[in-house]
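Derivation of every value follows stated rules applied to the coordinates shown; laboratory data play no part. Note that the structure is a prediction, hence the values are computed from the model and not measured. Cβ atoms come from the backbone with ideal geometry, glycine included; neighbour counts cover every protein chain shown.
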Amino acid sequence: MQDLRGRCVILDFWTFCCINCLHVLDELRPLEEKYGDVLVVIGVHSPKFEHEKDADALAAAVERYGVHHPVLDDPEMDMWQQYAARAWPTLSVIDPEGYVVATMAGEGHAEGLARLIDELIATHEAKGTLHRGDGPYVPPPAPETTLRFPGKAVVLPDGNLLVSDSARHSLVEVAPDGESLVRRIGSGERGRADGPAAAATFSEPQGLCLLPTHVAEVAGYDLVVADTVNHLLRGVRLESGEVVTVAGSGRQWRASVDDHAHDALAVDLSSPWDLAWYDDKLIIAMAGIHQLWWFDPIKRTAGMYAGTTVEALRDGPLAEAWMAQPSGLSVSADGVRLWIADSETSAVRYVENGVLGTAVGQGLFDFGHVDGPAESALLQHPLGVCALPDGSVLIADTYNGAVRRFDPATGQVSTVADGLAEPSDLVLTGDGEVLVVESAAHRLTRLAPGALSAAGASTVDGPRHRTERKPTDVAAGEVTLDIVFTPAPGQKLDESFGPSTRLVVSASPPELLVEGAGTGTELSRRLVLNGDVTGGVLQVTAQAATCDADVEHAACHLTRQDWGVPVRVVDAGAARLPLVLRGLDA
């Protein structure tokens with residue numbers, strides 16, 4: 001830090017599994033470009049999952065997500081503790097004299113950061129303590145591979161494969177051998193331009209879904225792409241490769257949407273990650289807000305399908321269920337069940353008859369590589385699923401580097417293949433072969449013949465992990481939950497569309513909370529904790545809407561954060577629990 005005196009510094013505490021952290025990376029890019037001679041951003045990677053502690057995996061993630069600033073590997077979370085971070089992501093702003101002047105949790109802080117940096121520049125130029133110059137980042141050489149961190153794949157009608165080449169911001173068509181390049185759709189530059197195949201641009205595309213023929217004929221395009229970082233759905237005409245935007249405003253989702261039909265091009269999406277045709281509509285795994293949405297290509301409408309935006313694991317009717325970063329979808333052969341890779345809960349979920357259920361998985365903080373009965377089996381951040389004709393489902397168990405199989409008929413989970421490099425999707429070809437999108441190896445890999453047979457599967461009783469963060473000691477009985485929020489410089493709370501703030505509280509286990517669960521508009525809440533429960537996790541979601549103050553055309557902003565706060569109920573515990581959504585030190 002001494003070497004950075006004279007510069008404004010942002011420490012970005014992140015973990016590469018976290019969708020909110022990926023949103024912040026996108027928010028920081030324009031700030032890094034605008035303030036390049038006075039601002040140094042340093043990522044502090046404080047991992048949640050065991051796989052994220054691997055230095056090579058972190059280096060791959062830095063390339064995958066286009067991180068163009070230095071990243072400190074903090075596998076034991078030492079820096080996390082020193083700066084009192086309590087949520088992913090957390091931003092700490094340090095002035096040119098080395099003082100921490102702001103701490104911000106969550107996403108949506110770009111405008112506030114810009115105003116704060118402007119203030120710091122003015123103050124420290126006047127004091128003579130600001131020093132301009134180049135930052136410490138040195139870009140690595142560009143690698144030469146056909147694919148770079150491919151995300152998802154789909155088999156085309158002619159047997160070729162189309163792959164989302166996520167780090168190269170394009171789609172790649174390859175021959176049935178999975179290697180021979182046929183064509184590329186997209187220029188390879190990050191952007192959101194529609195047009196011919198060579199000129200169109202994407203930003204880290206992921207999921208792909210072919211439309212039924214009768215739908216494609218009316219819609220005017222054959223395939224839909226989840227253009228993840230652009231928060232858009234794009235349509236592709238396969239014959240010409242022409243790309244057109246079909247859903248999404250291009251703005252990231254910041255407010256609730258009901259399940260009614262809305263103009264698809266007017267709604268705000270949030271990191272759509274995968275797509276599947278189910279229940280006569282296109283279902284979207286909306287990873288950025290822990291929901292499923294639907295899109296009708298003929299009526300050109302969209303809306304919410306399942307989930308409440310609370311990040312957790314809870315089964316039930318679709319409108320009441322909780323998910324955590326759904327990232328993979330696949331429909332059963334009979335069309336009855338929609339399988340879901342719910343990555344942050346390390347779970348495989350399913351939709352059937354209007355209800356969300358869990359096949360494998362135990363919650364946000366339990367993960368590992370354990371086969372056997374589904375109720376005790378463990379996965380680690382799966383990103384893909386593939387329904388097989390026999391009713392079972394294959395799982396791209398991404399952070400375990402494995403392909404797993406769940407058989408509903410037996411209730412058993414087995415390992416089909418391991419030793420893979422972050423598999424992110426699975427594709428069943430017309431001849432019955434299974435291709436694995438081996439993302440961190442930048443290739444498609446075939447499962448070995450016989451891998452899906454009973455003899456080819458293995459049973460792994462590997463490590464069990466639980467994310468352990470230091471719990472906060474709280475008292476039994478009444479505890480005041482306070483969300484600390486200060487509008488960014490030049491902003492004020494915005495009541496023009498209703499209450500400017502929202503607070504959602506729940507607990508795991510639910511019996512931890514005697515009173516205080518539910519949704520309200522105040523950022524302070526009286527909780528009553530059960531003295532007979534020794535501890536658990538308080539799940540808190542807070543958001544605050546602000547607008548620019550005293551300007552003619554005020555822009556609107558929404559700051560939002562989800563916390564999973566481990567607590568321990570003890571006699572001498574605190575009677576107040578403060579969480580900083582945005583804080584400024586005088």
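Observations on the model:
- Applying a threshold of 29 Å to the alpha-carbon distances of LYS48/LYS152; LYS34/LYS492; LYS299/LYS492 flags LYS299/LYS492 as lying beyond it.
- Working from label points 7 Å from Cα in the Cα-to-Cβ sense, the TYR137 to GLU179 distance is 3.6 nm.
- Coupling constants for segment 267-280 follow from the phi torsions by the Karplus curve (6.51 cos²θ - 1.76 cosθ + 1.60, θ = phi - 60°), and in residue order they are 7, 8, 9, 8, 6, x, 10, 8, 9, 7, 8, 8, 6, 6 Hz; glycine and proline get x.
- A straight Cα-to-Cα reach below 18 Å connects LYS127 with the aspartates and glutamates ASP37, ASP95, GLU97, ASP118, GLU119, residues fewer than 8 places away in its own chain not being considered.
- Taking other Cβ atoms within 10 Å as a rough exposure proxy, ILE185, ILE94, ILE340 sort from fewest to most as ILE94, ILE185, ILE340.
- The simple Förster model, with R0 at 22 Å and r as the Cβ-Cβ distance, assigns SER376 and ASP315 a FRET efficiency of 0.80.
- Of the residues THR145, THR472, the one with the fewest other Cβ atoms within 10 Å heads the list, and the complete ranking is THR145, THR472.
- Relative contact order (%) - segment 471-586, alpha-carbon pairs under 8 angstrom, separation at least six: 41
- Ranked packing of 18-29, 268-279, 57-68, 133-144, most packed first, by mean Cβ within 10 Å: 268-279, 18-29, 57-68, 133-144
- Relative to the dominant Cα principal axis of the chain, helix 55-64 is inclined by about 80°.
- Taking every C-alpha pair closer than 8 Å and separated by at least 6 residues, the mean separation divided by the residue count of segment 314-469 gives a relative contact order of 17 percent.
- With a Förster radius of 25 Å applied to the beta-carbon distance between GLU352 and LYS299, the computed FRET efficiency rounds to 0.50.
- Rounded tilt (10° steps) of 19-34 against the dominant C-alpha axis of the chain: 60
- Efficiency of FRET from Cβ geometry, GLN82 and ALA409, R₀ 41 Å, rounded to 0.05: 0.20
- Summarising the label geometry, the points placed 7 Å from Cα in the beta-carbon direction at GLU495 and THR534 lie 4.7 nm from one another.
- Those residues of segment 1-36 whose amide nitrogen sits under 18 Å from the label point placed on LYS127, 7 Å along Cα→Cβ: 1-11
- Segment 311-340 versus segment 493-541: alpha-carbon centroid distance in Å: 25
- Ascending count of other beta-carbon atoms within 10 Å, so fewest first, for ARG337, ARG115: ARG115, ARG337
- Charge dipole of the chain about the Cα centre (unit charges at C-beta), most positive-ward option of ILE283, ALA359, ASN160: ILE283
- Net length gained if the chain between THR472 and CYS556 were fully extended (0.36 nm per residue, minus Cα distance): 26.8 nm
- Virtual spin-label span in nm between VAL336 and ALA55, 7 Å along Cα→Cβ: 5.2
- Dipole magnitude for the chain: about 380 debye, using +1 per Lys or Arg Cβ and -1 per Asp or Glu Cβ, origin at the Cα centre.
- ³J(HN,Hα) computed for each position of segment 281-293 - Karplus, 6.51 cos²θ - 1.76 cosθ + 1.60, integer Hz, glycine/proline x: 7, 8, 9, 10, 7, 8, 4, x, 10, 6, 9, 10, 10
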